[in-house]
């Protein structure tokens, strides 16, 4: 089996490359421009907006890991089928389950799923909740002001370490049990934003304050560096997590045979980002 990891330099894709290579699987990784990959990993330049680049990279490939948008999902499905690829592990999101509440992000993830479901491919959809690495959004505030400014301090989410998503993806390529499945992947505990900041402070060894923001103040802050639809999505997700705290699932343990990593482990691994 040769596995193509589309987006092999990305937050999750790079970890999938590592997880597969540890299992001595044949891996080819893509990026939109030339990139350095670990020893033994073949690189390829692919842009899903250009089907010809994907066509070349699929030569000899039997399985693919990918994230795709609604606009590029039909190209992905068509080219995988044309190349004789048997299996696709798709990085999706738990938001695919919440169309009535989070319509923008739900459509962004559910529409590619529907395209793949109709393609004839063997598929697994991985639906993670919020990433532990989202806390990196606070790194400049913590480093320069020792204060996190954010709305909804009591919003609680079962944050997942991207390493666990990658491990689940690696298992999916070696297990028939996950074909046609769409597990929701979470961390082991539901943590309020205020508690996340406390954990980061404990790890870096210095106090970090939490300054709650009103919704309008937060909207103005986020709008300086986020498109408006993502600003509203972030606010909606946090509001929902304050009203109904995110609950952990057992999926990571069921798939990998080990508990998911805790937020404090992720913070320890990334301590230098906050210092």
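Please indicate, with yes or no, whether at least one residue in segment 99-108 is on the phi < 0 side of the Ramachandran plot and in contact with a strand residue (DSSP E or B) (Cβ under 6 Å, 6 or more places away or on another chain). Steps first, answer last, please.
Keep residues of segment 99-108 that are on the phi < 0 side of the Ramachandran plot, which gives 99-108.
Subsequent filtering for residues that are in contact with a strand residue (DSSP E or B) (Cβ under 6 Å, 6 or more places away or on another chain) retains none.
No, segment 99-108 contains no residue that is on the phi < 0 side of the Ramachandran plot and in contact with a strand residue (DSSP E or B) (Cβ under 6 Å, 6 or more places away or on another chain).
Please enumerate the residues belonging to segment 195-228 that are without any contact (Cβ under 8 Å) to a residue 60 or more places away in the chain and surrounded by fewer than 17 Cβ atoms within 10 Å (Cβ to Cβ).
Of everything in segment 195-228, those that are without any contact (Cβ under 8 Å) to a residue 60 or more places away in the chain and surrounded by fewer than 17 Cβ atoms within 10 Å (Cβ to Cβ) turn out to be 195, 198, 205, 216, 220, 223, 224, 225, 226, 227, 228.
Regarding segment 146-160, can at least one residue be identified that is surrounded by fewer than 24 Cβ atoms within 10 Å (Cβ to Cβ), outside any strand (DSSP E or B) and without any contact (Cβ under 8 Å) to a residue 12 or more places away in the chain?
No: segment 146-160 contains no residue that is surrounded by fewer than 24 Cβ atoms within 10 Å (Cβ to Cβ), outside any strand (DSSP E or B) and without any contact (Cβ under 8 Å) to a residue 12 or more places away in the chain.
For segment 170-182, enumerate the residues that are more than 15 Å from residue 125 (Cβ to Cβ) and touching a helix residue (DSSP H, G or I) at 6+ places or on another chain (Cβ under 6 Å).
Answer for segment 170-182, where residues must be more than 15 Å from residue 125 (Cβ to Cβ) and touching a helix residue (DSSP H, G or I) at 6+ places or on another chain (Cβ under 6 Å): just 170.
Kindly establish whether residue 167 is assigned to a loop (DSSP other than H, G, I, E, B), modelled with pLDDT of 95 or more and either touching a helix residue (DSSP H, G or I) at 6+ places or on another chain (Cβ under 9 Å) or assigned by TED's automatic domain parsing to the domain that holds residue 17 (or both).
In short, no.
Which residues, taken from segment 229-275, are closer than 27 Å to residue 146 by Cα, in a loop (DSSP other than H, G, I, E, B) and either free of Cβ contacts under 8 Å to residues at least 12 places away in the same chain or touching a helix residue (DSSP H, G or I) at 6+ places or on another chain (Cβ under 8 Å) (or both)?
Of everything in segment 229-275, those that are closer than 27 Å to residue 146 by Cα, in a loop (DSSP other than H, G, I, E, B) and either free of Cβ contacts under 8 Å to residues at least 12 places away in the same chain or touching a helix residue (DSSP H, G or I) at 6+ places or on another chain (Cβ under 8 Å) (or both) turn out to be 261, 270, 275.
The values are calculated or read from the model by the stated rules, or taken from the named source; none is laboratory data. All values derive from a computational prediction rather than experimental measurement. Positions of Cβ are generated from backbone atoms using ideal geometry, with glycine treated the same way; all protein chains shown enter the neighbour counts.
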